[in-house]
Each structure stands twice: as C-alpha cells, then as structure tokens.
Amino acid sequence: MPLSVLTVRDTLGVTSNKFLIDGQWVDAGGTRSHQHRNPATNEVIAEIPFAEPDEVDRAIKSARRAFDEGPWPKMKAAERTKVLLRIADLFDKHADELTRLQTLDNAIPYAVSNRVGFTGELGGHIFRHHAGWIDKITGHSYPQFTDNVPMRMVSVREPVGVTVGITPWNAPLLQFPEKVAPALAAGCTILIKSSEFAPHASTRMAELVQEADLPPGVFQYLTGDGVTGDALVRHPGVDKISFTGSRAVGEHIQSVAAQGIKRVTLELGGKSPALVFPDVPDLKAAAHGVMGMMSMFLSGQVCSTTSRAIVHRDIYEEFISHAQEQVQTVRFGDPFADTTTSAPIINPRQLDKIQGFVDQGKTEGRMVFGGTRPGGDLEQGNWYNPTLFADVGSNATIAQEEIFGPVLTVIPFETEEEAIRIANDSQYGLSAGIYTGSNGRAWRVGQGLRTGTVGVNGYSFQPNSPFGGFKASGLGREGGFTSIEAFTELKTMIFNLNV
C-alpha cells in the first residue's frame, strides 16, 4: 500500500506556523504561503506562511531595540551562560520530538538520524559548547612598542549587533543551533528564517529557545521565501548575516550586504573530492564509505558530500565494483521505519534537476548503474536510485556542477600530483576525503588541497571544530571559537599612562 506520514503528523500535533516577533507568537499578516509536503509521499503537512516586508521590519526594529537598549548584550557572563545551558537542557528533553519533526520536514530516515547522532541532542551539544565560551570571550593586552608617550593598548571583543540567520532545509537540527548559539553567546540579538521546505523542526526549536525566558527581541523567528530573505538582508537595522545554502543565493546576499558593509558568513555549495590511493588500508570500506555518502542518509543532499571519487587506475574497477555492492544495501520506504536507510529528494523541482544532470552525464561518461526512479508504492514520492558514472573527465558538467543528489562521478588518476590537480579543478572548496595507508601521503595531499575540511580515512562533524569553505564554497567558519569570532567585533582601547 502507498506510504503515508499523516499519522505521525497528527501525533506530533503539527499545525500552521506562527512568527515570533518581539517576544510574542503572532499569526502571519500576509496572504503568501507554501504548501509544505513531505518528500517521501508528497502529502501536504501544513500551510507555511511567508513573512512580508512589514513583518520583517517590525522584527528587526525589535531586535535593534533589544540590542541597543536591552540587558542582553551587557548581561554578566555567568547569567548568559545559564540561559544557554537552559536551552541545551530543553533540546535534550525534547530530542526525540525534534528528530521526528526533522523527518517529517525532509524525510531524513529517523533511524539513521539516531544512529549517526543527527538528532535534537546535537543542538544541545552545540548550545552547551558555546555556553562554555561566554566567560572566555577575551581580548589582549599589548606591551608598549616605542619609547614615545607611554601608551597602553588593550583589545576587547564586543557583540557585532543585530544578526540574521538563514537556514537550509537539509539540516535544521544542525544549522539552527549553529547560528543561534554563538550569536547569543556573544551577546548579539538574532532573527532566524527557516526554509519553507523544513519549517517544523525549526519552529519547535524556536519555541524551546523562547522558553528560556530571553528578553523580548533578543531571539525572533520567521518562516518565508526569497522575498522574506531579501527583505531581511536589505534591512538597514541588520549588522550581520549568516547564511547556509546555494551559491547563487550566497552571491546575492554578499552583493546586497556590501551596500551597508554588513558582515557575512556564507556556507555555500560543494563538489567535494574523495581521493583513493592504491595503498588504501581497506578498499572495500573506502568504496562503501564514499558511495554511502551519496546513497544513504540524505542521498547526497549535503554540501560537504564527496560527490567526486578520484581513484587510482590500479584499483579503479575494483572500487567501482565495491561501490555497486554498497547500493544493494540501500532501502527506501517509510522514513520513520527502522529499515529505511535513505531519503528521497526534497521536491519535484530538484528531482527534475538531478534527472537533467544524469541525462547530461550519459553523454560525458559511462553510467555503471542507476539513472532511474523506483516505482510501486514509492512512485508518489521524490525517490531516485543511487547512480554512478565512470570514465568521466574532470571538465565534464557532472564533474563540475553540484548535483545535490545520489550521483557519484568517478575519475581515474595515475600520480599523486595528478590527483591533487583534479581535486583542485573545481570552483568549490568545501571538504575532501583522502583514503591512504600513509600518513605522510595524507599530509602532503591534504596540504595540497584547496578546501576547508579534509577527512583522512573517515569524516565527522564536531561542534568544537571549525567548518567552512575555500573559493565559491563560502566565507568564514562555523564551529568552535571561530563562531564566536564571527559574531563579535574587535575594539582597541588606548590609554595614555601620563594622565
């Protein structure tokens, strides 16, 4: 029988979203909205309102007042720490609910989310980590450099001001806390706009943040589309924008932000390489890992996924064979079932885009498997079978463009230098993987790659380490103290010691 997620929707009590403005949950005042559908079934989950420019204006003015006149930026470190720890506890308490809402949003397999820690508890970890930085946001004292008038210089870090966070649909339980926690830790006020394709987990997280009794205007929440986002980034009351999403939107935000010299953090797209050398300790495990990033969990809809496998010719065909073995373990179906391993594509428009790349790929390389959609009980959803192209040139469209789906491109190489050259032959530089039994080679190759993150024989995310990209993959970093730096300004105080 056809899949359905409506019972879960009803159990979770999902209804139409509201906006959090100036400390109050309010109904949307406009008429524009989006029918949110779960991508596994395309069933309508709820009608999601779009915030209009006047609602954006009210929210930003409230955030401005809260920053310029309110207690939050001046609050003692111990008090602000208590608030963030309270939020972390609330995320822990509601972790399973948040995880289920995320699956209802974007059909990430619920069981896989739990196995890899991509749950509401992840948000708790992120808030707890940033709470630990609050009493360590310090500057420096500089010794006198010359023997002229005795001056003493001291630098201090201050909150950057009113901030806006715009989050993507694919990772709300990561992206929401990654923007909110460091902003609040630094003493900023922040407004979050979630994606219309994943609103419910973010709305519930916003409710939990508000339960921590923040002063009105310190934290606010809207749902909306590009019109809403454009009104946010153009507003003169905004000091900083943190955006995760597509390169095209990131470029637009940067151009608009330049008009007011707004600070920006941009985490954009990727076409990340996985370099597999003949001395790899376990070729089967490497091939399963690389192909699994494309076929399992979010089915390649992650910006840091290694979607280019650059494989030494001596192990090339064996790698492909092992990759084909891996896709036999993929199971589509009810995203809340324990047996489901992989997500559908987020919407029909993206599904058509992936099919277009696959059709192009058939003219650029050898399609080993995939390129089709499953039928039967799955035909109502946006499912796409894992796909692999071999014998592809580095300049091919499918080797250059971010497909954002379960399509792996395999490119052969012969020398270490050639592998590095192919890996760097991309407009992007977000992440990379190196599979080798030699730490010396891993270090050499890792140093040669123009990318923000390099995993050696594995890959992981941790809240206390920086993440971000080179080149067109973005500006700035999220995670660790780099997040605090991104939400602060450095001020130098100069004291004349003769006075």
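Entry for the range 391-499 at q = 0.23 Å⁻¹: log10 I(q)/I(0) = -1.39, Debye formula applied to identical alpha-carbon scatterers, no solvent contribution. Determine which residues of the range 197-231 fall in the zone a paramagnetic label at Glu97 would reach in this model, i.e. backbone nitrogen under 17 Å from the point 7 Å along Cα→Cβ. Residues 199-213 fall inside that zone. For the range 162-193, list residues with backbone N below 17 Å from a point placed 7 Å from the Cα of Ala248 toward its Cβ? Inside the label zone: 168-169. Packing, taken as the mean count of other beta carbons within 10 Å per residue, orders the peptides 149-159, 215-225 from highest to lowest as 215-225, 149-159. Charge dipole (Cα centre; +1 on Lys/Arg Cβ, -1 on Asp/Glu Cβ; no other charges) of the chain amounts to roughly 1080 debye. Rounded to the nearest 20, the size of the Cβ-charge dipole of the range 424-499 about its Cα centre is 240 debye, with Lys and Arg at +1 and Asp and Glu at -1. Phi angles of the range 93-109 translate, via the Karplus equation with coefficients 6.51, -1.76, 1.60 and θ = phi - 60°, into HN-Hα couplings of 4, 10, 4, 5, 4, 4, 5, 5, 5, 4, 5, 5, 5, 10, 6, 4, x Hz per residue; Gly and Pro are given as x. Residues of the range 150-171 with the amide nitrogen closer than 15 Å to a label point 7 Å from the Cα of Asp68, along Cα-to-Cβ, please. Residues 161-163 qualify, since their backbone N sits under 15 Å from the label point.
For the pair Gln259 and Ser438, what calculated FRET efficiency results from E = 1/(1 + (r/R0)^6), where r is the Cβ-Cβ distance and R0 = 51 Å, to the nearest 0.05? According to the calculation, E is roughly 0.55.
When the residues Glu47, Glu364 are ordered by accessible surface, computed with a 1.4 Å probe over the protein chains alone, the sequence from largest down reads Glu47, Glu364.
Packing around the peptides 379-390, 61-72, taken as the average count of other Cβ atoms within 10 Å per residue, puts them in this order, highest first: 379-390, 61-72. Accessible area ranking (1.4 Å probe, heavy atoms, ligands and nucleic acids excluded), largest first, for Thr329, Thr99: Thr329, Thr99.
Residue-normalised convex hull volume from the C-alpha trace of the range 143-221: 127 Å³ per residue. Solvent-accessible area per residue in the chain equals 40 Å², computed with a 1.4 angstrom probe and all protein chains kept. Across the chain, Cα-Cα pairs more than 39 Å apart make up 26 percent of the total. The phi torsions of the range 283-300, fed into the Karplus equation with coefficients 6.51, -1.76 and 1.60 and a -60° offset, translate into couplings of 5, 4, 5, 5, 5, 5, x, 5, 5, x, 4, 8, 9, 9, 6, 8, 6, x Hz, rounded to whole numbers, with Gly and Pro shown as x. Spatially, the range 378-455 and the range 184-219 are offset by 36 Å when compared through their Cα centroids. Based on the alpha-carbon gyration tensor of the range 23-108 and its eigenvalue square roots a ≥ b ≥ c, which shape applies: rounded if a/c is under 1.5, prolate if not and a/b is larger than b/c, or oblate? The shape class here is oblate.
Protection proxy ranking, highest mean first, for peptides 52-60, 106-114: 106-114, 52-60, where packing is the per-residue count of other beta-carbon atoms within 10 Å, averaged. Asp22 contributes an accessible area of around 60 Å² to the protein surface, as traced by a 1.4 Å probe with all chains present.
Only helices enter the 222 nm calculation for the chain: every DSSP H run of n ≥ 4 contributes -39,500 (n - 2.57), and dividing by all residues gives -11500 deg cm²/dmol, rounded to 500. Note on Lys76: lysines with a C-alpha under 18 Å away, same-chain residues under 8 apart excluded, are Lys136. Just read off the accessible area of Glu207 with the full protein assembly in place, 1.4 Å probe, to the nearest 10 Å². The accessible area of Glu207 comes to roughly 70 Å².
Secondary structure note: in the chain, about 40% of the DSSP beta bridges are antiparallel.
Taking Cα centre as origin and charging only the Cβ of basic (Lys, Arg, +1) and acidic (Asp, Glu, -1) residues, the dipole magnitude of the range 1-90 rounds to 440 debye.
Distances between placed amide hydrogens fall under 5 Å for Ile190 paired with Thr163, Phe219, Gln220, all partners being 5 or more residues away or on another chain. Full extension of the chain between Glu318 and Met493 yields a length gain of 56.8 nm, computed as 0.36 nm times the residue separation minus the alpha carbon distance. A simple rule links phi to the HN-Hα coupling: the Karplus curve 6.51 cos²θ - 1.76 cosθ + 1.60 with θ = phi - 60°, which for the range 58-63 gives 4, 5, 5, 5, 5, 5 Hz, with x for Gly and Pro. Sequence neighbours fewer than 8 away in the same chain don't count; with that in mind, list the lysines whose C-alpha is under 17 Å from Lys18. Filter leaves Lys193. On the beta carbon distance between Thr339 and Asn148, with R0 = 60 Å, the FRET formula returns roughly 0.20. If the chain linking Gln24 and Lys61 were pulled fully straight, counting 0.36 nm for each residue of separation and taking away their Cα-Cα distance, it would gain 11.9 nm.
By the rule of a C-alpha distance below 21 Å, with chain neighbours fewer than 8 residues away ignored, the lysines paired with Lys362 are Lys271, Lys353. Positive-end ranking of Gly237, Leu430, Val280 along the dipole of the chain, with charges on Cβ about the Cα centre, is headed by Gly237. Rounded, prolate or oblate for the range 302-417? Axes are the square roots of the Cα gyration tensor eigenvalues, ordered a ≥ b ≥ c, and the cut-off for rounded is a/c under 1.5. Because a/c hits 1.5 or more and a/b exceeds b/c, the range 302-417 counts as prolate.
The values are calculated or read from the model by the stated rules, or taken from the named source; none is laboratory data. What you are looking at is a predicted structure, and each value in this text was computed from that prediction instead of being measured. We place every Cβ from the backbone using ideal geometry, glycine too, and count neighbours over all the protein chains shown. Accessible surface areas use protein heavy atoms only, side chains included; no ligands, DNA or RNA. Shrake-Rupley method; radii C 1.70, N 1.55, O 1.52, S 1.80 Å.
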